[in-house]
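Below you'll find the structure, written out as structure tokens, and then a few comments.
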Amino acid sequence: MVGSFFRSFNRNKVMLLMVLPGAIWFLFFSYLPLVGTIAAFKQYRFSRHGFWYSLVHSKNVGWANFKFLFSTDAAWSITRNTLLYNIAFIVLGLVFAVALAILLSELANKKLAKLYQTGMFLPYFLSWVIVGYFAFSFLSMDRGLLNHTLEYFGMDRMQWYNDPKVWPYILVLVYLWKSIGYSSVVYLASILGIDRSLYEAAMIDGASKMQQVRNITLPMLKPIIIIMTLLAVGKIFYADFGLFYQVPRDSGTLYSVTNVIDTYVYRGLKTTGEIGMSTAAGLYQSVVGFVLVMVSNYVVRKVDKDSALF
Amino acid sequence: MPNVMKKKRNFHQASPGWNIVFNLIAGIFAFLCVFPFVFVVIISFTEEKTLATDGYRIIPKAWSLDAYQYIFKTGDTLLRSYGVTILVTVIGTVVSLLLISLYAYAVSRRSFAYRRFFSLFAIFTMLFSGGMIPTYIVVTQLLGLKDSIWALILPLALNAFYIMILRTFYITGIPDAIIESGKIDGAGEFRIFSTIVLPLSLPGLATIGLFSTLGYWNDWFNALLYIDDPNKVPLQAMLMRIESSMQFIQQNSANGSISLEVLQSMPQDTARMAMVVLATVPIIFAYPFFQRYFVQGLTVGGVKE
């Protein structure tokens, strides 16, 4: 028994050596943090004796962190914000990306289409810090382009960074601006893969362009649409930290509409110092997120086995 | 027979009228995607004084190179941050390509007895993570990487998703027969990997390499968590720091607790926008590569067992 294990180990020695660096990385950056989630059940103190000492010697508090988290308004508001924003992103992102892909596929001049695509791709490559500066050049109270335009039309300046009402729209717009160009490529690729003879037949039968889109393009896109959407649903409990932290410039007056689970956890670590409660919020996110990924992957498997994550 | 001519045109095209409408919509959206960057470039070339009265304008009253001159004269911070970012990006990309390609190759080989275990070992990390704070605790307390350059490199070095992409690439792109023939010729596994597999998988490696280059270049999050030392702040994080210290000054300048001197030593609006431009220019240059390989990476698709 031990001997056969040893033989098999020996035979796979080189391969094991190849996965070793990666496996060590996973151990430190993925699996040990899993152990660290114990902090959610502790009153965590950073001890100078290091990780294990802090983990073992911090006071046990059972479920108190979770109880406290869910007794505050914060738990409700960050969950609501995270979910609502992500739902808006998924629905609008899908509609616009598919529409844009169809539109690009219909353009007569392929060179122009390529040029447009090059432009639309740009925002995807920029960091949220840069995008935050872009937004500021529009939204700045005394210098921004928007207030300048408002004044030009005889309207009052707005205090954009202090007005929570407008931020749901701004964040959705900025998200769409940054992501649609990229995601439309996926749909464009599958539109170009559709058998041309289907359209020829439809045209001979006298189908209009709209009818072709409705009866050929969209049905052919259905599998990829379903899969992309389900994969996004699996991540619905995770927010894009950069969008919600950089673009509103961490403005306190906007927290009611910009605070999501990820920013809440970060502020717990860096600003308020509520390590235990923030770890609890993070664990809550991981657990619900895990369930959602498993469920959506199960559904993807039912729809199209090849597209499932695992 | 004009009718036949008309029938002959590409069936995948709209009528001329719609074509113009579609061109307009796509063109406007493409323009809106690029415009903010152009606008920031314009601001960086604006005369600073006109900003106070006019604000940011698409066509400024007076142009100036002052912002760039200011940066190159007092550019220590920017230069250092550039250095940090380049160092981190280069080392990071090399390290991550090495880790990812070795791991992906091993789990792609059918002769590797533990390939299922190590595949799952990687995939599980995509499904369940400890989260930000436990990771922070491990990196600072266990690995002691606070204020170390490695805190910018290691957290981004590996990613199960890239491993799965590259594994698919190896399985579909490199026939077993080639590897077997290498074995018959007496080459060891590492030799087969470096002389047969790596050259054949260059397109896949390029895709992953560009993903990770972009990830390192644009990273500010790890600096936000782990770096306090001003000498080790990468480009994006430096831009972020300037922004928040400006906000701090603006909030406190009203009650006079900040001296005029501090106020004047901060980079002006135009200079900050010039830094944004300088941080973005390398991406614009690398753009053709990015676009090509990102599309390719997207369509590599199939991440499955």
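Assuming charge only on the beta carbon of Lys and Arg (+1) and of Asp and Glu (-1), the dipole of the protein assembly as shown about its Cα centre is about 1640 debye to the nearest 20. Taking amide H atoms as placed 1.01 Å from N in the peptide plane, the amide H of B:THR46 lies under 5 Å from those of B:SER64, each 5 or more residues away in sequence or on another chain. Pick out the long, greasy-scoring helices in chain A: whole DSSP H runs spanning 24 Å or more along their own axis by Cα, mean Kyte-Doolittle at least 1.0. Both cut-offs are met by A:73-106, A:167-192, A:275-303. Taking the Cα of A:SER8, stepping 7 Å toward and past its beta carbon, and measuring to each backbone N in region A:17-55: which are under 17 Å? Output list for this probe position: A:17. Provide the FRET efficiency to the nearest 0.05 for the B:ILE28-A:SER208 pair, computing r from the beta carbons and using R0 = 25 Å. Once rounded, the FRET efficiency stands at 0.50.
Once you sort the root eigenvalues of the Cα gyration tensor of region A:28-68 as a ≥ b ≥ c, which label holds: rounded (a/c under 1.5), prolate (a/b larger than b/c) or oblate (the other case)? In terms of gyration-tensor shape, oblate. Under 19 Å from a label point 7 Å along Cα→Cβ of B:ILE91: give me every residue in region B:223-240 with its amide N that close. Under 19 Å, as judged by backbone N against the label point of B:ILE91, lie B:223-238 of region B:223-240. Taking the helices alone, the protein assembly as shown has a mean residue ellipticity at 222 nm of -21500 deg cm²/dmol, built from -39,500 (n - 2.57) per DSSP H run of at least 4 residues and averaged over all its residues. Among the chymotrypsin sites (Phe, Trp or Tyr not before Pro) in region A:53-115, those located in a DSSP loop and surrounded by at most 16 other Cβ atoms within 10 Å of their own Cβ are A:TRP63.
Ranking A:VAL166, A:ILE191, A:TYR133 by how far each Cα lies toward the positive end of the dipole of region A:117-200 (charges on Cβ) leaves A:TYR133 at the top. Residues whose amide H falls under 5 Å from that of A:SER140, counting only those 5 or more places apart or on a different chain, are A:LEU145, with hydrogens built in the peptide plane.
Rounded to the nearest Hz, the phi-derived 3J(HN,Hα) couplings of region A:34-40 under the Karplus curve 6.51 cos²θ - 1.76 cosθ + 1.60 (θ = phi - 60°) are 4, 4, x, 5, 3, 4, 5, where x marks glycine and proline.
Work out the length of the dipole vector of chain A about its Cα centre, built from +1 on the beta-carbon of each Lys and Arg and -1 on the beta-carbon of each Asp and Glu, and round it to the nearest 20 debye.
Values: 27 positive and 15 negative charges, 213 e Å.
Roughly 1020 debye for chain A.
From least to most packed, judged by other beta carbons within 10 angstrom and beginning with the fewest, B:ARG191, B:ARG241, B:ARG272 follow the order B:ARG191, B:ARG241, B:ARG272. Please give me the summed charge of the neighbours of A:ALA280: other residues whose Cβ is under 13 Å from its Cβ, Lys and Arg +1, Asp and Glu -1. Here the count lands on +1. Taking Lys and Arg as +1 and Asp and Glu as -1, the other residues whose beta-carbon sits under 11 Å from that of B:ALA52 total -3. Remark: region B:137-149, residue by residue, has Karplus-estimated 3J(HN,Hα) of 4, 5, 5, 7, 8, 8, 8, x, 9, 4, 6, 10, 4 Hz, where x stands for each Gly or Pro and the curve is 6.51 cos²θ - 1.76 cosθ + 1.60 at θ = phi - 60°. Less than 9 Å Cβ to Cβ from A:SER58, Lys/Arg counted +1 and Asp/Glu -1: what total charge do the surrounding residues give? Its environment carries a net charge of +3.
Computed from label points 7 Å out along Cα-Cβ, the spacing between A:MET141 and A:LYS114 is 4.9 nm. Computed about the Cα centre, the dipole magnitude for region A:1-90 is approximately 320 debye when only Lys and Arg (+1) and Asp and Glu (-1) carry charge, each at its Cβ.
Taking amide H positions as modeled 1.01 Å from N, with prolines and chain starts lacking one, the residues under 5 Å from A:LYS42 and 5 or more places away or on another chain are A:VAL61.
Here, each number is a calculation from the coordinates, and none is a lab measurement. Just so you know, these numbers come straight off a predicted model, no measurement behind them. A quick note on method: Cβ atoms are made from the backbone with ideal geometry, for glycine too, and the neighbour counts reach across all protein chains shown.
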